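Novice: Below is one structure. I have some questions about it.
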Amino acid sequence: MPLTATGKVRRRNQAKLPLLLILFCFALAAGCTSYLAIQQDQTVHRLARYDDAFDAGQGAVELLRFQDAVSAFALGLPDSSEDIVNLRLEIFENRFEILSRESFKSFIAGHSEIDGVLDELSVALKDIKVLMPRLSEKGVAAQIIAELTPLDPDMTRLSSITSTLVGTQIEIDQAHLKNLHLISSGVIFALIVVGVLLIIMLLRDNRLMMEANRHLSLLTEDLQVAGAALTSAHSAVAKANEDLAAQNAALRNRDEALRIQNTRFDAALNNMSHGLLMADRNDRLIVSNTRFLEMFGLRPAEAEAGAALEDLFRIMGQRQSQPRAVIERIREQTQAFVAQKERGSFYAESDGRSIQVGHMPMAEGGWVATYEDITERRKVEANTDYIAHHDALTDLPNRLMFTLRMAEALRDRAADRFFALLLLDVDHFKDVNDTLGHLAGDALLVMIARRLRGCVRDEDVVARLGGDEFAILQMQPRTRDETVTLAHRLVEAVGQPYSIDGRRVVAGVSVGIAICNDETNDAEQLLRSADMALYRSKAEGRNTSRFFEAEMETAVQVRSTIAADIRDALEQDRFEVLYQPVFEVATGHLAQFEGLLRWNHPTLGTILPSRFIPVAEDSRLIIPIGESVIRRACMDAADWPANIRVAVNLSPTQFEDRGLTKVVESALRNAGLQPSRLELEITEGALLRDGDEVRSMLLELRALGVTIALDDFGTGYASLSYLRHFPFDKIKIDRSFIGDLGSRSDSIAIVESVIKLATKLGMATTAEGIETAEQWNFLSAVGCTYVQGYYFDRPRSLATVQRKMESGEYALPLGLEPGWAPRPAPTPTAA
């Protein structure tokens with residue numbers, strides 16, 4: 001049924017009511033959306049109040065750090081200083097300014113327990129600033145700490161309350177956002193419901209409502225777009241909240257990382273042993289460390305970033321922590337490196353100070369340099385060099401230094417000028433060293449060195465080459481006589497007595513001299529020449545001096561030839577052992593033979609031991625020669641009557657061979673000779689080599705059963721001490737005392753005393769070198785045990801002594817008849 005106009009109007013009016021209702025709902029939705037946006041914005045703004053809590057916490061931390069710095073300074077801890085305290089005060093003042101902002105004050109307003117904290121803090125800071133200039137005075141640091149201590153709980157309370165306020169606000173705002181979200185969702189849902197109802201109503205209405213329905217559909221679509229936009233806005237707000245939280249966490253992590261990095265950088269930079277300076281391309285300071293400031297006497301304020309290096313070097317020169325020449329050298333060389341853009345290092349040295357500088361350019365145009373004070377290292381190096389070139393005991397130049405000085409003298413000597421090389425060897429030094437001890441020997445060397453220095457000029461060189469050997473370079477003597485005078489002065493000075501630990505010690509010196517002239521350019525040859533002259537000096541009685549002569553080199557060559565011939569003689573068995581009889585005084589019977597070595601040279605004939613034994617000892621050929629003599633003597637004695645012994649001389653050099661005992665044992669075993677029939681004679685020279693070692697070997701030999709005799713008694717040094725310390729069975733009185741029995745009363749007294757001493761010690765005595773009846777009568781009367789000499793028989797070959805023993809010629813000493821009796825000892829005559 002068609003609608004009337006009134007109906008249409010009524011229907012239209014009825015349709016307007018929902019439309020108005022819908023418009024009202026949309027207006028309400030818009031208002032709600034605006035309100036939600038404003039509420040969300042305010043919530044986000046309130047969340048930003050986290051910074052206020054952070055600032056309050058940092059203020060409390062910086063207060064504690066400032067208190068720690070003041071305490072460390074008051075206690076004098078190593079890393080504390082007044083500058084650090086001032087720095088901490090400035091940081092704390094900065095934090096106080098942040099806390100003094102109106103926004104923060106409004107944030108904490110209404111909390112009576114912290115209302116007056118900022119005011120109290122302001123008053124305390126003013127008081128502290130007044131005290132800071134007198135910080136180094138006693139008690140000021142404690143007064144500052146006392147001023148701050150009451151603020152600790154207030155600052156802690158301020159930090160705690162602000163943190164609590166922020167946490168509470170965040171919880172409230174989060175709940176508020178959740179409510180807003182629910183309201184927004186409800187509004188959207190209501191709009192959708194209203195739209196659906198409107199659609200249902202328009203579908204039931206007439207064609208007039210179709211147009212309204214179309215408009216309503218359009219409105220519904222717009223409403224859906226608005227709902228989607230609102231949903232998107234809600235998601236964006238949620239995402240913004242998440243991003244804000246993440247950004248806050250990242251900022252906190254970055255701040256902590258930067259703090260740790262800065263702390264490590266400062267610690268590494270300021271704990272370097274080297275000074276460090278970094279500059280930009282405009283020669284302005286970027287950074288320097290504490291060591292650099294200390295080295296050059298700079299204050300931190302004078303070496304701040306951006307300072308001009310020219311000003312910095314000027315201040316360094318004024319402070320004089322380093323010599324001005326050192327600063328100037330560093331400045332000039334640094335400018336050169338910067339101009340050349342090169343890396344390198346150099347030394348700046350003056351007035352005993354030394355700085356090592358390392359320079360390195362940087363890619364962006366600046367440069368960095370390190371500075372090390374090597375003054376002490378330089379001193380150590382100089383001392384090390386001195387030690388390397390000087391003798392530690394006498395402080396004289398050593399062999400190395402002496403060789404260098406001699407090379408310089410050879411290189412720099414003027415034409416027609418010469419210098420003299422004197423080699424000196426202390427006579428009988430080993431006697432003193434072994435008998436008085438090594439400390440006494442060292443003291444003697446020091447005294448000798450002092451005397452040698454007193455004998456020469458300043459330009460001459462005195463050196464200790466090692467052991468008891470010294471050398472002197474006499475630089476450019478005017479004449480040869482000056483060198484002779486110097487040598488005599490040296491011998492006389494060294495020969496004066498010494499007092500060591502209250503004991504009087506006498507030493508001498510032998511001097512060998514070589515002259516360096518225009519024909520001499522070889523240092524080694526010069527040393528060899530002086531050494532040959534020294535050898536001649538010692539061979540001619542010691543305690544004298546000799547110049548090198550050409551014939552000395554010939555003599556050395558002869559010695560070398562003799563040494564070579566000795567080797568050939570050993571291989572060709574050209575050595576012969578002769579035997580001299582030894583008689584027992586009490587019975588007059590033959591007791592033993594002494595084996596004496598002779599050399600049958602193919603061209604020179606028979607060579608006596610005095611000529612070749614020293615060469616054999618120097619070349620150590622005496623060791624195989626001695627072994628050969630021991631073996632031959634044992635084999636020869638094995639064919640003699642069982643009551644006849646054999647005596648063999650041992651060289652001191654043979655005791656350097658630890659196999660000597662085994663050689664003797666092997667010779668006895670191979671010959672089948674009883675050990676009691678072998679007598680080994682040693683001289684005092686063997687005892688001077690190494691007393692303990694020789695004593696040990698003698699005990700081993702005696703343990704085999706052989707007899708040990710001390711040969712040439714009385715001619716050496718401290719013989720009586722040897723009788724007490726070494727296992728001797730017999731003493732042989734040297735022929736020098738026997739030869740003077742008829743002319744010197746002192747020789748008679750010595751021989752008689754030695755015989756009585758040996759008798760009391762339970763030792764036998766043998767007098768050697770008897771050539772007269774007077775000597776024989778005296779020795780038989782004073783109780784000598786054994787005698788030998790040309791008066792009885794000279795050394796004979798093995799075949800001759802065999803024949804004489806078989807013929808009975810050795811039954812009684814020559815000139816004696818059966819039933820003889822010793823004569824009374826003659827009265828000593830005046831010497």
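Novice: List pairs: first residue in the stretch 510-530 and under 25 Å from Gly541 (Cβ atoms) and modelled with pLDDT of 80 or more, second residue of a type in the set (Asp, Glu) and open to solvent by 50 Å² or more (accessible area, probe 1.4 Å) anywhere in the structure, Cβ distance under 8 angstrom, at least six positions apart or on different chains.
Specialist: Gly512/Asp531; Ser529/Glu553
Novice: Take the residues in the stretch 641-673 that are in contact with a Ser or Thr (Cβ under 9 Å, 6 or more places away or on another chain) and of a type in the set (Gly, Ala, Ser); name whichever of them is surrounded by the most Cβ atoms within 10 Å (Cβ to Cβ).
Specialist: Applying the filter and picking the extreme gives Ala647.
Novice: Right, next: Could you list, in sequence order, all residues of the stretch 763-774 that are open to solvent by 10 Å² or more (accessible area, probe 1.4 Å) and touching a strand residue (DSSP E or B) at 6+ places or on another chain (Cβ under 8 Å)?
Specialist: Matches in the stretch 763-774: Met763, Ala764, Glu768.
Novice: Can you tell me how many residues in the stretch 567-611 are within 21 Å of Glu809 (Cα to Cα) and acidic (Asp, Glu)?
Specialist: Residues that pass the stated criteria total 2.
Novice: Does the stretch 537-553 hold any residues that are in a helix (DSSP H, G or I) and either at pLDDT below 80 or surrounded by 20 or more Cβ atoms within 10 Å (Cβ to Cβ) (or both), and which are they?
Specialist: Selection gives Ser537, Ala539, Ala550, Glu551, Met552, Glu553.
Novice: Let me ask something additional. At pLDDT below 90 and open to solvent by 60 Å² or more (accessible area, probe 1.4 Å) - does that describe any residue in the stretch 723-734?
Specialist: Within the stretch 723-734, one or more residues are at pLDDT below 90 and open to solvent by 60 Å² or more (accessible area, probe 1.4 Å).
Novice: Also: Could you grab me the full set of residues in the stretch 476-506 that are polar (S, T, N, Q) and either without any contact (Cβ under 8 Å) to a residue 40 or more places away in the chain or loosely packed, with under 14 Cβ neighbours inside 10 Å (or both)?
Specialist: Restricting attention to the stretch 476-506, the residues satisfying the condition of being polar (S, T, N, Q) are 476, 479, 483, 485, 496, 499.
Result: Thr479, Thr485, Gln496, Ser499.
Novice: Still on this structure, please answer the following. What strands (runs of 3 or more DSSP E) completely inside the stretch 564-636 contain at least 3 residues that are under 20 Å from Ala647 (Cβ atoms) and modelled with pLDDT of 85 or more?
Specialist: Ranges flagged: 575-584, 590-601.
Novice: Of everything in the stretch 150-191, what is among the hydrophobic types (A, V, I, L, M, F, W, C) and farther than 30 Å from Ala124 by Cα? Give them in sequence order.
Specialist: Selection gives Ile170, Ile172, Ala175, Leu177, Leu180, Leu182, Ile183, Val187, Ile188, Phe189, Ala190, Leu191.
Novice: Restrict the check to the stretch 268-277 and report whether at least one residue is modelled with pLDDT of 85 or more and open to solvent by 50 Å² or more (accessible area, probe 1.4 Å).
Specialist: yes
Novice: Of the residues Arg632, Arg611, which single one is in contact with a Phe, Trp or Tyr (Cβ under 9 Å, 6 or more places away or on another chain), among the basic types (Lys, Arg) and surrounded by 20 or more Cβ atoms within 10 Å (Cβ to Cβ)?
Specialist: Arg632
Novice: In the list Gly466, Gly454, Gly441, which residue meets the criterion of being on the phi < 0 side of the Ramachandran plot and exposed (fewer than 13 other Cβ atoms within 10 Å of the Cβ)? Break it down into steps so the answer makes sense when it comes.
Specialist: Details: Gly466 fails: on the phi < 0 side of the Ramachandran plot; Gly441 fails: exposed (fewer than 13 other Cβ atoms within 10 Å of the Cβ).
After applying the criteria, what remains is Gly454.
Novice: Among Ile472, Ile448, which is crowded, with 21+ Cβ neighbours inside 10 Å and outside any helix (DSSP H, G or I)?
Specialist: Unique residue meeting the criteria: Ile472.
Novice: Same structure, new question: Which one of these does Ile286 not meet: (1) outside any helix (DSSP H, G or I); (2) within 30 Å of Gln58 (Cβ to Cβ); (3) open to solvent by less than 50 Å² (accessible area, probe 1.4 Å); (4) touching a residue at least 60 places away in the same chain (Cβ under 8 Å)?
Specialist: The failed condition is (3).
Novice: Among the residues of the stretch 150-184, write down those that are hydroxyl-bearing (Ser, Thr, Tyr) and surrounded by 14 or more Cβ atoms within 10 Å (Cβ to Cβ).
Specialist: Thr156, Ser159, Ser160, Thr162, Ser163, Ser184
Novice: Restricting the search to the stretch 303-336, which residues are under 18 Å from Leu269 (Cα atoms) and either among the charged types (D, E, K, R) or touching a residue at least 24 places away in the same chain (Cβ under 8 Å) (or both)?
Specialist: Result: Glu304, single match.
Novice: OK, next. Exactly one condition in (1) open to solvent by less than 50 Å² (accessible area, probe 1.4 Å); (2) in contact (Cβ under 8 Å) with a residue 40 or more places away in the chain; (3) not hydroxyl-bearing (Ser, Thr, Tyr) is not met by Glu82; state its number.
Specialist: All conditions are met except number (1).
Novice: Has the stretch 105-120 got any residue that is among the β-branched types (Val, Ile, Thr), without any contact (Cβ under 8 Å) to a residue 12 or more places away in the chain and assigned to a helix (DSSP H, G or I)?
Specialist: Taking every residue of the stretch 105-120 in turn, none turns out to be among the β-branched types (Val, Ile, Thr), without any contact (Cβ under 8 Å) to a residue 12 or more places away in the chain and assigned to a helix (DSSP H, G or I).
Novice: Considering the stretch 515-531 alone, what residues qualify as being crowded, with 18+ Cβ neighbours inside 10 Å and more than 41 Å from the chain's Cα centre (by Cα)?
Specialist: Ile515, Cys516
Novice: Here's a follow-up. Restricting to the stretch 581-620, give me the number of residues that are in contact with a Leu (Cβ under 6 Å, 6 or more places away or on another chain) and not hydrophobic (A, V, I, L, M, F, W, C).
Specialist: Total meeting the criteria: 4.
Novice: Moving on. Looking at Glu97, Glu90, Glu62, which one is charged (D, E, K, R), open to solvent by less than 80 Å² (accessible area, probe 1.4 Å) and either in contact with a strand residue (DSSP E or B) (Cβ under 8 Å, 6 or more places away or on another chain) or outside the structural domain of Glu302 (by TED's automatic domain parsing) (or both)?
Specialist: Glu62
Novice: Quick check on the stretch 674-697: of everything there that is modelled with pLDDT under 90 and in contact with a strand residue (DSSP E or B) (Cβ under 6 Å, 6 or more places away or on another chain), which residue is surrounded by the fewest Cβ atoms within 10 Å (Cβ to Cβ)?
Specialist: Ranking the qualifying residues of the stretch 674-697, first place goes to Thr683.
Novice: Sticking with this one: I'd like the full set of residues that are in a helix (DSSP H, G or I) and in contact (Cβ under 8 Å) with a residue 60 or more places away in the chain, limited to the stretch 122-155.
Specialist: Those that are in a helix (DSSP H, G or I) and in contact (Cβ under 8 Å) with a residue 60 or more places away in the chain: Ala141, Ala142, Ile144, Ile145, Leu148, Leu151, Asp152, Met155.
Novice: Same structure, new question: State all residues of the stretch 735-758 that are basic (Lys, Arg) and at pLDDT below 90; if no residue qualifies, say none. Before the answer, list the steps.
Specialist: Initially, the stretch 735-758 is screened for residues basic (Lys, Arg), giving 735, 744, 756.
Hits for the stretch 735-758 are Arg735, Arg744.
Novice: A further question follows. With the condition kept exactly as written, say whether any residue in the stretch 409-424 is part of a strand (DSSP E or B), in the same structural domain as Phe292 (by TED's automatic domain parsing) and not β-branched (Val, Ile, Thr).
Specialist: no
The values are calculated or read from the model by the stated rules, or taken from the named source; none is laboratory data. As the structure is a prediction and not an experimental result, all values here were calculated from the model. Because the Cβ atoms are built from the backbone with ideal geometry, glycine has one as well, and the counts that use them run over all protein chains shown. Calculation scope for accessible area: heavy atoms of the full protein, side chains included, ligands and nucleic acids excluded. Shrake-Rupley method; radii C 1.70, N 1.55, O 1.52, S 1.80 Å.
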